[in-house]
Amino acid sequence: RIKRNYEEDAFRQMTTQMGSWAEQRFARSDPRAHARFHVELGKELLAHGFTTEAEAEFHHAAAVDPSSAAPLTALAEDYDARGDARGARAQAEVALRVRESAGAYLVLARLDLRENRMEAAAQNINRALQLEPGNPAAQDLKRTLAAKLAEKAQPLSQP
């Protein structure tokens, strides 16, 4: 039988053991691969609701490979998902200073859309699409922006 529930303590112990194993394995490897492992582990932890542990993984990944924007972008996405717009914007901007990425531009675009900053959202979406023309999240945001702009452009009907 497949066990469908888990014990939180056992899960935490398992992630600690995985982290220890990873540090041994990646100690002499490429920093990019090491950081990528921690970003993916952080995303997996987030998916299971372990935000504190995920954030620690993202910070560790950023320390292991300071030239990568991926951990900072993941932090920005995490902050955005938790409703911390200021933290999300700050992390996305730091990520963009490290290296341009579609993901960081999309975090900024989502924040701009929520704040009704349509011009800034359009610029960030276009930057993301310049980097990754086929990015489905960017295409979705572009459609959302177009719908918001069309909605604004329609005059109110008089009864």
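The values are calculated or read from the model by the stated rules, or taken from the named source; none is laboratory data. Owing to the predicted nature of the structure, the values given are computational and were not obtained by experimental measurement. All Cβ positions, even for glycine, are placed from backbone atoms using ideal geometry, and neighbour counts span all protein chains on display. Side chains included, ligands, DNA and RNA excluded: accessible areas come from the protein's heavy atoms. Shrake-Rupley method; radii C 1.70, N 1.55, O 1.52, S 1.80 Å.
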Q) How many residues are closer than 16 Å to ARG89 by Cα and open to solvent by less than 20 Å² (accessible area, probe 1.4 Å) when one looks only at region 121-144? A) 4
Q | Out of ALA88, ALA62, ALA92, sole residue that is surrounded by 13 or more Cβ atoms within 10 Å (Cβ to Cβ) and in contact (Cβ under 8 Å) with a residue 24 or more places away in the chain | A | ALA62
Q.
So for region 72-79 (the condition being open to solvent by 50 Å² or more (accessible area, probe 1.4 Å) and either closer than 22 Å to ALA33 by Cβ or not aromatic (Phe, Trp, Tyr) (or both)), does at least one residue qualify?
A. yes
Q) Which residue, of ARG114, ARG82, is open to solvent by 50 Å² or more (accessible area, probe 1.4 Å) and within 29 Å of ALA10 (Cβ to Cβ)? A) ARG82
Q | Residue pairs meeting the criteria (Cβ under 8 Å; at least 6 apart or on separate chains; first at pLDDT below 95, in region 124-152; second surrounded by fewer than 15 Cβ atoms within 10 Å (Cβ to Cβ) and outside any helix (DSSP H, G or I)) | A | none
Q. How about region 41-59: which of its residues are in contact with a helix residue (DSSP H, G or I) (Cβ under 6 Å, 6 or more places away or on another chain) and open to solvent by less than 20 Å² (accessible area, probe 1.4 Å)?
A. LEU41, GLY42, LEU45, ALA54, PHE58
